[in-house]
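**Q** Please read through the structure below; I'll follow up with questions.
The values are calculated or read from the model by the stated rules, or taken from the named source; none is laboratory data. Everything numeric here is computed off the predicted structure, so don't read it as measured data. All Cβ positions, glycine included, derive from the backbone under ideal geometry; neighbour counts span all protein chains shown.
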Amino acid sequence: MSGLELMLPPFVACMILVAMLSYLGLHVIAREVIFVDLSLAQMAALGSLSALLFHVAPESPTTYVFALLATAVGAFLFALTRSSNHGGTVGAGRVPQEAFIGIVYVVASAAAVLVANKVPGGGEAVEKTLVGSLLWVTWKTIRNLALAYVALGVFQFALRRRFLTISFHPEQAEAQGWKVRLWDFLFYLSFGVVITLAVPIAGVLMVFSFLVVPAVIANLFTADKRKLTIIAWSSGALASILGLWLSYTKDLPTGPLVVCMYGLLLIGAAVLRRLGVGDKAVAS
């Protein structure tokens, strides 16, 4: 197998993941719930591991159903604990929503360890959630991922006015009498489906990088929503291409190297911002 044949499927998978995750990352940054993807990913992992307790074959459709049900529980909890302010505090401003997100992550992680201890191959399943299997992704998996993400993309586009307003201007949504928690649940549920499908391929570390780093880079340079999307997509694609290319040419682990490229690109973006590149309305 030539190098092109080996690296083409991971490249295509990365571009599909970047297209969806970098956009959703803009919502995550605006909502100030940075670690929500880790928490939802851990809920999905717990669901997948729980399926093994019932002797369900790994990566079967039933396993995904278990993962999605667990993710739905997480989406419900996050919708329930949100507030109208950007800081995401609950209970008269006493508890930040990020605390609830962290608690869900820790409890789901502990539960996953307990379940993994009771099922054959549980340890391997836990490890896979961290590193994924990007290098060995198949065209069938890529096709299924693309179809699912197109459907989710249509869903996000159709409801973009609601989701964008609640993420970037929650006070307007409250003033208009929208059922914010219901819309939040729908957003987090679709977000959870995206994460559930991404983690088995890329792993938690890469998914977090795809989601957060491009959005952070975009927010360094502009506040315009269209420019935010373009910069997020472009920077995510560039970091992924550099990581895959160096992984192939230097024979280094793909996932960790891609994550490191995202980190280096963020440093470069921060330097450019300090040099005055970007919209003047955005604080340095």
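**Q** Starting from residues that are polar (S, T, N, Q) and out of contact with any Gly (no Cβ under 8 Å at 6 or more places or on another chain), keep the ones in the range 97-132 and report whichever is nearest to ALA79 (Cα to Cα).
**A** Selected residue: SER109.
**Q** So, one more: Name the helices (runs of 4 or more DSSP H) wholly within the range 170-277 that hold at least 1 residues that are in contact with a Lys or Arg (Cβ under 9 Å, 6 or more places away or on another chain)?
**A** 170-175, 180-221, 254-274
**Q** Is it the case that some residue within the range 225-238 is within 16 Å of the chain's Cα centre (by Cα), within 22 Å of ASN144 (Cβ to Cβ) and not aromatic (Phe, Trp, Tyr)?
**A** Checked the range 225-238: at least one residue is within 16 Å of the chain's Cα centre (by Cα), within 22 Å of ASN144 (Cβ to Cβ) and not aromatic (Phe, Trp, Tyr).
**Q** Provide a single number: the residues in the range 63-88 that are modelled with pLDDT under 70 and either of a type in the set (A, V, I, L, M) or surrounded by fewer than 19 Cβ atoms within 10 Å (Cβ to Cβ) (or both).
**A** 4
**Q** Next question. Can you find even one residue in the range 110-124 that is modelled with pLDDT under 85, buried (at least 18 other Cβ atoms within 10 Å of the Cβ) and not in a loop (DSSP other than H, G, I, E, B)?
**A** yes
**Q** Could you say which residue among ILE166, ILE195, ILE217, ILE230 is free of Cβ contacts under 8 Å to residues at least 24 places away in the same chain, crowded, with 20+ Cβ neighbours inside 10 Å and either more than 17 Å from LEU38 (Cβ to Cβ) or touching a helix residue (DSSP H, G or I) at 6+ places or on another chain (Cβ under 6 Å) (or both)?
**A** Values: ILE195 fails: free of Cβ contacts under 8 Å to residues at least 24 places away in the same chain; ILE217 fails: free of Cβ contacts under 8 Å to residues at least 24 places away in the same chain; ILE230 fails: crowded, with 20+ Cβ neighbours inside 10 Å.
The unique qualifying residue is ILE166.
**Q** Residue by residue through the range 1-25, note down the ones that are over 17 Å from ALA148 (Cβ atoms) and surrounded by fewer than 24 Cβ atoms within 10 Å (Cβ to Cβ).
**A** Matches in the range 1-25: MET1, SER2, GLY3, LEU4, GLU5, LEU6, MET7, LEU8, PHE11.
Yes or no, residue by residue, for (1) of a type outside the set (Gly, Ala, Ser); (2) in a helix (DSSP H, G or I); (3) in contact (Cβ under 8 Å) with a residue 60 or more places away in the chain:
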position: ILE16; (1), (2), (3): yes, yes, yes
position: LEU49; (1), (2), (3): yes, yes, yes
position: LEU52; (1), (2), (3): yes, yes, yes
position: VAL56; (1), (2), (3): yes, no, no
position: GLU59; (1), (2), (3): yes, no, yes
position: TYR64; (1), (2), (3): yes, yes, yes
